[in-house]
Amino acid sequence: MITGSLASEREPIHPADITPRRGALLEPARHVTKDREDTAYPLMAGTTGNEATRNEPADDDTAQPEPQAPTAGPATTEPRRRGPGPFTLIVLPGVVTLTGVLAFLSLTGVLDTALPQDQAPGGPESAVSNVDGSYVPWLRKATEDCTGVTPALLAAHIDRLSGWQDDTASLSEQGIARFTDAGWKTWGRDDDGNGTSSPRDVVDAIMALGRQDCSLAEKMTALRTEGTVNGDVADLTLAAYAAGADRVEKAGKVPGAARAFVAEVKERLPRYDALVRKNPEQEGGRAAGALLTPPVTTLTVTSPFGSRAHPLTGVTKLHTGVDFGAPQGAQVSASWEGRVEFAGLTSAYGYRVVIDHGTVDGKRLETTYSHLSALQVTTGQGVTTGQAVGLVGSTGLSTGPHLHFEVLLDGQYTDPTAWLTGGGR
C-alpha cells in the first residue's frame, strides 16, 4: 500500500512524451506512469527484453523505417481454377473421333485390321532372290491351263505364304506352299518324277498350289459369268484361297477379311513378272524360228494382211491384221508372254485385247485380239504364252465369228503370218 508524500509526488506522463521502441506495438497502454515506463509498450510476441533494448532508436536524427504491423500467420489463398487445356479441347476430341471411325470401318469390312498369321506389321520384303530361275518353267506348267492365274501370280502367292523358305515351325503346315496333310492329299502329286510326293519338294509344291489356285480360279470365273460375284479373277481366286470360296460368293466380291492378303500378293507381283521375263520359255509349240505361237488352234486365214475393201463399209484401206476363221466360243490364247495393255469393248473391234510383249531387238512388240465374244483377262494383268485371253466371237464391225489378229512393231502394223512362221524378225 502506498502512503504519504510518495504517492502524491507521482506525476502522470503523457503518451506523446514517450518514444516507441522498434518492434513494439504501436498502441500505447493506458494510465502509464514514469515508474512503469518499461510496460508502456509491451514487446511483440517472441521478442526478448534484450532484443527490445538493442532495437531502440539511435540518438541521432537518422530516419528509421516505419514499423510493420505483425501478421497473424502465413497468408492463405484459394487455389486458382484452371479451365480445360489444349489437350482436352483439341487433341482428345480428335482421338475419340478417329477411334470411332476406325471401329466403324473395321466392323463394315472396309478396314481389315487383322494381320495375316505369318506376317508382322510392315510385312516381309519380297523373297524373289530366293527363287531359282529353273523353277520358272514349272511355274508356267502349273498355270498353263489356268484362267486368271499367271506364273508370276503363283510365285507371288508362294512368296506371301513362305518367302520361298521351307523353314516353318508349324507341325500342321509344310513346305513353301504351307500345305496341311489334308490339303496335300487333295492336290499333291509326284510331279517331278523323283518317286516321292512331298510338300517339301519345291517342284511338287509349285504344281500342287497351281492346281489348287486354278481350281479356285475356275470356280470364281463361273460365279463371275453367272453374275454372282464381281471383280478381277485373280483377286477373287486369292480371296477364295484366304477366306474360302463360299465367303467370296456370299460377299459377291473380295470380302474384307481377304483384302489384306490379296493386296500383299499383288504387291509382290511386279517383281515376279520381271523374274519370269528374265527366264523366257523354251522353244516348243511354235514353228521353228517363229517368235509367236498361234492364237487359235487352227490357222485358217479368211482375210490376209494388206490393202482390201472393207466388207461392211466398202472403204478400201489397209487391213491391219489377219482374220482367222474359227467357231463361236473357240479359245483365243496369248501368242507370247507379256502384260495386258487393254481389255475392253470398242465400237469397231468389239471386245478387244492388246498385249505388250516388251522389246525385241530394241523395238516394242505388241499383239491384238479382236471381235471376241468374251474377255478372260483384265488390263494390267500379266499373261504367259498360250494363256487364255478370250473367246472367238463377232462383236463390233464383223460379218461372222472370227479372230482379227494384229502384230505391231514400234507402233507399225506388220504381217502377222511372218511372226507365226519364223519370218517376223
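The values are calculated or read from the model by the stated rules, or taken from the named source; none is laboratory data. It should be emphasised that the depicted structure is a prediction, and the values quoted were computed from it without experimental measurement. Cβ placement follows ideal geometry from the backbone for every residue including glycine, while neighbour counts extend to all protein chains displayed. Side chains are part of the model used for accessible areas, which takes the heavy atoms of the whole protein and leaves out ligands, DNA and RNA. Shrake-Rupley method; radii C 1.70, N 1.55, O 1.52, S 1.80 Å.
Points worth noting:
- The range 361-373, residues that are touching a residue at least 60 places away in the same chain (Cβ under 8 Å) and surrounded by fewer than 22 Cβ atoms within 10 Å (Cβ to Cβ): Asp361
- Residues (without any contact (Cβ under 8 Å) to a residue 12 or more places away in the chain and open to solvent by 40 Å² or more (accessible area, probe 1.4 Å)) located in the range 379-422: Gln412
- The one condition in (1) out of contact with any Asp or Glu (no Cβ under 8 Å at 6 or more places or on another chain); (2) touching a residue at least 60 places away in the same chain (Cβ under 8 Å); (3) open to solvent by 30 Å² or more (accessible area, probe 1.4 Å); (4) of a type outside the set (Asp, Glu) that Val332 fails to fulfil: (3)
- Only residues that are under 24 Å from Val149 (Cβ atoms) and of a type outside the set (S, T, N, Q) were counted in the range 379-404, giving 11.
Condition check ((1) of a type outside the set (A, V, I, L, M, F, W, C); (2) more than 41 Å from the chain's Cα centre (by Cα); (3) assigned to a helix (DSSP H, G or I); (4) at pLDDT 95 or above) across all residues:
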site: Leu318; (1), (2), (3), (4): no, yes, no, no
site: Ala343; (1), (2), (3), (4): no, no, no, yes
site: Thr359; (1), (2), (3), (4): yes, no, no, no
site: Val377; (1), (2), (3), (4): no, no, no, yes
site: Gly386; (1), (2), (3), (4): yes, no, no, no
site: Val389; (1), (2), (3), (4): no, no, no, yes
site: Ala418; (1), (2), (3), (4): no, yes, yes, no
site: Arg425; (1), (2), (3), (4): yes, yes, no, no
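- Candidates Gly338, Gly358, Gly325 - the one that is crowded, with 21+ Cβ neighbours inside 10 Å and out of contact with any Cys (no Cβ under 8 Å at 6 or more places or on another chain): Gly338
- Checked against (1) in a helix (DSSP H, G or I); (2) in contact with a helix residue (DSSP H, G or I) (Cβ under 9 Å, 6 or more places away or on another chain), Lys185 passes all but condition (2).
- Candidate set: the range 183-225, residues that are closer than 16 Å to Leu153 by Cα and among the acidic types (Asp, Glu); chosen: the one surrounded by the most Cβ atoms within 10 Å (Cβ to Cβ): Asp213
- Counting the residues of the range 224-257 that are of a type outside the set (S, T, N, Q) and part of a loop (DSSP other than H, G, I, E, B) gives 9.
- No other residue among Thr180, Thr237, Thr168, Thr228 is of a type outside the set (Asp, Glu), surrounded by fewer than 20 Cβ atoms within 10 Å (Cβ to Cβ) and within 28 Å of Ser333 (Cβ to Cβ) apart from Thr228.
- Entry remark, the range 367-381: residues being touching a strand residue (DSSP E or B) at 6+ places or on another chain (Cβ under 6 Å) and over 21 Å from Ser398 (Cβ atoms) number 3 in total.
- Looking only at residues of the range 345-357 that are in contact with a strand residue (DSSP E or B) (Cβ under 9 Å, 6 or more places away or on another chain) and assigned to a loop (DSSP other than H, G, I, E, B), we find that the one that is modelled with the lowest pLDDT is Ala348.
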